[in-house]
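J.: Mind having a look at this structure? Questions to follow.
The values are calculated or read from the model by the stated rules, or taken from the named source; none is laboratory data. All of these numbers come straight from a predicted model, not from anything done at the bench. Here the Cβ positions follow ideal geometry from the backbone for every residue, glycine too, while neighbour counts run over all protein chains shown. Each accessible area value is taken on the protein alone, full model and side chains, heavy atoms only, with ligands, DNA and RNA left out. Shrake-Rupley method; radii C 1.70, N 1.55, O 1.52, S 1.80 Å.
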Amino acid sequence: MRKSRKLLLLGSGFLVLLFMLGLTLLPIRGQVVVIPGDATDALAWPRVVIESQDSRFTVVALTEADPKVHVAMTLDGRHVPLLDWRQNPGTVPTWTWRWRFEAPNAPSYALHFFHDCAAGCLDWTRVQIGRANPEAALNIDRRATKLCAVWANPERNWHNRAAWSVELTYAAQAYDGYNADDLAWRVWRNSRAGLRTLVRVDYDKGQTIPPTGDYLALERYLGYLTRLARDVRLRAVYAFIVGSGFNERTSNVQSPEQPVTPEWYARVFNGYGEPADNTHNAVQAMRAARLDVRVLVGPVRPWVADQTGARTYAVDAPWLNYMNTVVAALDEAARAKAKAGISLAAPDGFALNAFGRPNAPEMQAAPAAEEPQRDLRRAEWNGAQAGFRVYRDWLAIINSYPSTRGLPVYITASNTFAPGEVTPPAQNYPTGWLTSALAAINAEPQVQSLCWFMDWLPDDASWDAFSLTNRQGKLGDAADEFDALLR
């Protein structure tokens, strides 16, 4: 009798195995759920269904047995607003969220669902509608280049080059086009084009970093940085840049009486001036959310005398003194934390500005396109560089301190319009300047990118005289040259 029972059990198991094998051979798509015992409620969650569809709109519904908050959905990377949600009746509680969208005119598209987006979106589930194109694989055999564009045009042909784009977002207010959802869409789009994305994070428009001593603003800023680091939609971001041009008056318009000092910037970045165990700073807050995140020091604006620094540099100029004071403070804070046994508190690199002056008096006897290859040292600035080669002054300062020496740097804004000048690139660009600048940067292993400011910003005509896409005036030559350098 016992032997018969064993044979019956073995026979039943064999039949189940044959049934499962038969299912795998059938030309059907879906899920097979094995439910042990009488656990009838152990179904697969979440469930995604197309609830309705007409010639224009599709409504998709996601049902889950676990209540989620701050949910979101993207369609091929683009945020789709939530239509509604409900708790469903029944003995087993479930919840359903719905989204309504215009399906793209494509053979397939991807729906990606997230939850807890108020603190940085976490993965939930994803669905592929239609058959994905295997030839759409990303980043296959792309050749690396240091060429880069601020606000890269999504329609640009990158000629199979792994180039760069610089994007911008604000912490204090969710401006249209610059909030976390819009940023995630641009990062997704850049990744599809094979670009590596650098994201500059400003506190607000006109106020790149929280005003000095404003700890409530600092709390908001660090909270936003943490959210960005945690957001799985932004995992493709190569590095985040903490502010930009904070030594300039126009970057401190909300509190001009409290401009961002070098010491305050270093305090915001990695906790300078605070006890070593104080983690209330950008680097440590972001790494607590995501250990492998890269955090870059934002660029000091060259040739701006609005502020100076307490630590005079060997070349005594206000912008270099400011930069020298920032880097010294960052180094001091990083070394103090390292001594206390705290790692990963130093910057991962620096973002720099390097603008050219092709019409400088020193270039009158030489072709203007050669300006990036020429020293333009000004006696009235105690020998500070006045043109594109200001990047060498920045490098000298960075390489003067133990914790920053040799760190990678990224030129995140460059063109032929220097601060204090009045002629935009559309008027003064000399053919060959970008080629000359790229040749100089290709010879610098510490410099990873050369970003033209800017490529494409369709909602802001004030930058048209700088835009490669709009091609105003002499920018047509710059745009053709940019394209040729990618080939």
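J.: List pairs: first residue in region 334-348 and open to solvent by 60 Å² or more (accessible area, probe 1.4 Å), second residue of a type in the set (A, V, I, L, M, F, W, C) and outside any loop (DSSP other than H, G, I, E, B) anywhere in the structure, Cβ distance under 9 angstrom, at least six positions apart or on different chains.
T.: Hits for this filter: LEU344/VAL283.
J.: Scan region 405-415 for residues that are open to solvent by 10 Å² or more (accessible area, probe 1.4 Å), touching a residue at least 24 places away in the same chain (Cβ under 8 Å) and touching a helix residue (DSSP H, G or I) at 6+ places or on another chain (Cβ under 9 Å) and jot them down.
T.: Passing the criteria: GLY406, LEU407.
J.: Going by the structure shown, is ASN353 of a type outside the set (Ser, Thr, Tyr) and open to solvent by 20 Å² or more (accessible area, probe 1.4 Å)?
T.: Working: of a type outside the set (Ser, Thr, Tyr): yes; open to solvent by 20 Å² or more (accessible area, probe 1.4 Å): no.
No, not satisfied.
J.: I'd like the full set of residues that are open to solvent by 40 Å² or more (accessible area, probe 1.4 Å) and among the small types (Gly, Ala, Ser), limited to region 358-369.
T.: The answer is ALA365, and nothing else.
J.: If GLU219 satisfies all but one of (1) open to solvent by 50 Å² or more (accessible area, probe 1.4 Å); (2) within 19 Å of ASP348 (Cα to Cα), what's the number of the condition it fails?
T.: GLU219 satisfies every listed condition except (2).
J.: Pairs needed: first member in region 51-74, closer than 25 Å to LEU122 by Cβ; second member anywhere, assigned to a loop (DSSP other than H, G, I, E, B) and aromatic (Phe, Trp, Tyr); C-beta distance under 6 Å; at least 6 residues apart or different chains.
T.: Here the result reads GLU64/TRP45; ALA65/TRP45, each pair linking region 51-74 to a residue that is assigned to a loop (DSSP other than H, G, I, E, B) and aromatic (Phe, Trp, Tyr).
J.: What number goes with the only condition from (1) farther than 19 Å from ALA440 by Cα; (2) at pLDDT 95 or above that PHE350 does not pass?
T.: Failed condition: (1).
J.: Something else now. Return yes when LEU468 is in contact with a Cys (Cβ under 9 Å, 6 or more places away or on another chain), touching a residue at least 12 places away in the same chain (Cβ under 8 Å) and open to solvent by less than 20 Å² (accessible area, probe 1.4 Å) and no when it is not.
T.: Considered against the rule, which asks whether it is in contact with a Cys (Cβ under 9 Å, 6 or more places away or on another chain), touching a residue at least 12 places away in the same chain (Cβ under 8 Å) and open to solvent by less than 20 Å² (accessible area, probe 1.4 Å), LEU468 comes out as no.
J.: Here's a follow-up. Within the bounds of region 141-149, is there any residue that is open to solvent by less than 50 Å² (accessible area, probe 1.4 Å) and free of Cβ contacts under 8 Å to residues at least 60 places away in the same chain?
T.: No: region 141-149 contains no residue that is open to solvent by less than 50 Å² (accessible area, probe 1.4 Å) and free of Cβ contacts under 8 Å to residues at least 60 places away in the same chain.
J.: Scan PRO419, PRO445, PRO402, PRO458 and give me the residue that is at pLDDT below 95 and either under 28 Å from ALA314 (Cβ atoms) or of a type in the set (S, T, N, Q) (or both). Talk me through it step by step, then tell me what you get.
T.: Working: PRO445 fails: at pLDDT below 95; PRO402 fails: at pLDDT below 95; PRO458 fails: either under 28 Å from ALA314 (Cβ atoms) or of a type in the set (S, T, N, Q) (or both).
Of the residues listed, the single one that is at pLDDT below 95 and either under 28 Å from ALA314 (Cβ atoms) or of a type in the set (S, T, N, Q) (or both) is PRO419.
J.: With (1) touching a residue at least 60 places away in the same chain (Cβ under 8 Å); (2) open to solvent by less than 10 Å² (accessible area, probe 1.4 Å); (3) in contact with a helix residue (DSSP H, G or I) (Cβ under 8 Å, 6 or more places away or on another chain) as the list, and ILE241 as the residue in question, which single condition is left unmet?
T.: That leaves (3) as the condition not met.
J.: Additional query: Please find, among ALA418, ALA384, the residue that is over 23 Å from VAL199 (Cα atoms), among the small types (Gly, Ala, Ser) and buried (at least 21 other Cβ atoms within 10 Å of the Cβ).
T.: The match here is ALA384.
J.: Which residues, counting only those in region 210-219, are closer than 18 Å to GLN284 by Cα and touching a helix residue (DSSP H, G or I) at 6+ places or on another chain (Cβ under 6 Å)?
T.: Selection gives PRO210 alone.
J.: For region 102-114, does any single residue satisfy the condition of being more than 29 Å from the chain's Cα centre (by Cα), over 21 Å from ILE129 (Cα atoms) and either open to solvent by 20 Å² or more (accessible area, probe 1.4 Å) or of a type in the set (A, V, I, L, M) (or both)?
T.: no
J.: Name the one entry in VAL300, VAL268, VAL283 that is in a loop (DSSP other than H, G, I, E, B), open to solvent by less than 60 Å² (accessible area, probe 1.4 Å) and not aromatic (Phe, Trp, Tyr).
T.: Criteria check complete, one pass: VAL300.
J.: Report whether or not LEU234 is in contact (Cβ under 8 Å) with a residue 24 or more places away in the chain and surrounded by fewer than 23 Cβ atoms within 10 Å (Cβ to Cβ).
T.: no
J.: Please identify the pairs in which a residue from region 452-463 that is free of Cβ contacts under 8 Å to residues at least 12 places away in the same chain has its Cβ atom under 6 Å from the Cβ atom of a residue that is open to solvent by less than 80 Å² (accessible area, probe 1.4 Å), counting only partners at least 6 apart or on another chain.
T.: Final answer for the pair search is TRP463/MET454; TRP463/LEU457.
J.: Those residues that are touching a Ser or Thr at 6+ places or on another chain (Cβ under 7 Å) and open to solvent by 10 Å² or more (accessible area, probe 1.4 Å), I need them from region 309-333; list them, please.
T.: GLY309, ALA310, ARG311, PRO318 - these are the residues of region 309-333 that are touching a Ser or Thr at 6+ places or on another chain (Cβ under 7 Å) and open to solvent by 10 Å² or more (accessible area, probe 1.4 Å).
J.: Kindly indicate which of PRO458, PRO445, PRO372, PRO402 is assigned to a helix (DSSP H, G or I) and either open to solvent by 40 Å² or more (accessible area, probe 1.4 Å) or under 28 Å from TYR238 (Cα atoms) (or both). Lay out the reasoning, then the answer.
T.: Numbers: PRO458 fails: assigned to a helix (DSSP H, G or I); PRO445 fails: assigned to a helix (DSSP H, G or I); PRO402 fails: assigned to a helix (DSSP H, G or I).
Criteria check complete, one pass: PRO372.
J.: Taking region 282-324 as the search range and keeping residues that are hydroxyl-bearing (Ser, Thr, Tyr) and in contact (Cβ under 8 Å) with a residue 60 or more places away in the chain, which one is farthest from ALA266 (Cα to Cα)?
T.: TYR313
J.: Would you check if THR226 is under 19 Å from LEU122 (Cα atoms) and either open to solvent by 10 Å² or more (accessible area, probe 1.4 Å) or part of a loop (DSSP other than H, G, I, E, B) (or both)?
T.: In short, yes.
J.: Could you tell me which numbered condition ILE397 fails, if it satisfies all but one of (1) in contact with a Gly (Cβ under 8 Å, 6 or more places away or on another chain); (2) surrounded by 21 or more Cβ atoms within 10 Å (Cβ to Cβ)?
T.: (1)
J.: Right, next: Which members of region 152-161 meet the condition of being touching a strand residue (DSSP E or B) at 6+ places or on another chain (Cβ under 7 Å) and either closer than 17 Å to ARG186 by Cβ or of a type in the set (Ser, Thr, Tyr) (or both)?
T.: ALA152
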